[in-house]
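Participant: What follows is a structure written as structure tokens; I'll ask about it next.
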Amino acid sequence: MRRILARNILLCLCVGTTLTACQNTQNVVDQVRIAQNTLEQKANNATLYCSGVENCEFARINDTEVINATSHRISREAMERGIVRLQGSVFSRKQQVYLSVPAKEYEVVIRFYPISLDRAETFHVIHEFKPYLNYTFKMYRDRPKGSGSLLNVSAPDPLCVDLQQEQHTIRRFCRSYDVRKGLGEFIEKKI
């Protein structure tokens, strides 16, 4: 009886390990492809990061899809073009994807997930990126200090995205909540 129980437990562990390995094989292959691109880093590239919330993804840059919205996987085209980089340990589940692109003007689309992976806030921007610089798109809630009417205080705080060049904020975009219309668009604010 003990032998049968031990054999069944061992069989379950082997099947579970095999299934897990099959699911992770594609991720490991993707990580190896990205690591090969990292070795070919071009010196005049700009690097683009996103931060500030639980999760964020580069949806596309110009016409190149970077991360698919439904599968949350890096596209083959982005890997072939060599623009995707990984930050963090290969063994970590929370590796952050960033981009290394030739310096020029791009339209960048980013999906931010401020609350959960079920609801994305999509942000579009056109910007001229300069060589040798790091750019970070940082999302946050603009929490005003002060009081007001109950209606104004109960509305959600504006959602903002700062574009930082190195450590300095160079552009700011905010989307406020209008009680009558709901959420609006991201509008650039003067800094």
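Participant: Cβ contacts < 7 Å: first residue within 10 Å of residue 137 (Cβ to Cβ), restricted to segment 158-173; second residue among the hydroxyl-bearing types (Ser, Thr, Tyr) and crowded, with 18+ Cβ neighbours inside 10 Å, any location; separation 6+ or different chain. Result?
Facilitator: Matching pairs, first to second residue: 163/135; 164/135; 164/136.
Participant: Restricted to segment 125-150, and to residues that are farther than 21 Å from residue 185 by Cα and aliphatic (A, V, I, L, M), which residue is modelled with the highest pLDDT?
Facilitator: In the first step, residues of segment 125-150 are kept if they are farther than 21 Å from residue 185 by Cα; the result is 128-135, 145-150.
After this cut, where a residue has to be aliphatic (A, V, I, L, M) as well, the list is 133, 150.
On the way: 133: 95, 150: 59.
Ranking the qualifying residues of segment 125-150, first place goes to 133.
Participant: A further question follows. Going by the conditions given, is residue 109 aliphatic (A, V, I, L, M), in contact with a Lys or Arg (Cβ under 7 Å, 6 or more places away or on another chain), in a strand (DSSP E or B) and modelled with pLDDT of 90 or more? Give the steps one after another, and end with the answer.
Facilitator: Numbers: aliphatic (A, V, I, L, M): yes; in contact with a Lys or Arg (Cβ under 7 Å, 6 or more places away or on another chain): yes; in a strand (DSSP E or B): yes; modelled with pLDDT of 90 or more: yes.
Yes.
Participant: Just to check your reading of the model, which residue among 117, 163 is of a type in the set (A, V, I, L, M), farther than 30 Å from residue 103 by Cα and either at pLDDT 95 or above or in a loop (DSSP other than H, G, I, E, B) (or both)? Outline the logic, then answer.
Facilitator: Working: 163 fails: farther than 30 Å from residue 103 by Cα.
Of the residues listed, the single one that is of a type in the set (A, V, I, L, M), farther than 30 Å from residue 103 by Cα and either at pLDDT 95 or above or in a loop (DSSP other than H, G, I, E, B) (or both) is 117.
The values are calculated or read from the model by the stated rules, or taken from the named source; none is laboratory data. Owing to the predicted nature of the structure, the values given are computational and were not obtained by experimental measurement. Cβ: placed from backbone, ideal geometry, glycine included. Neighbour counts: every protein chain shown.
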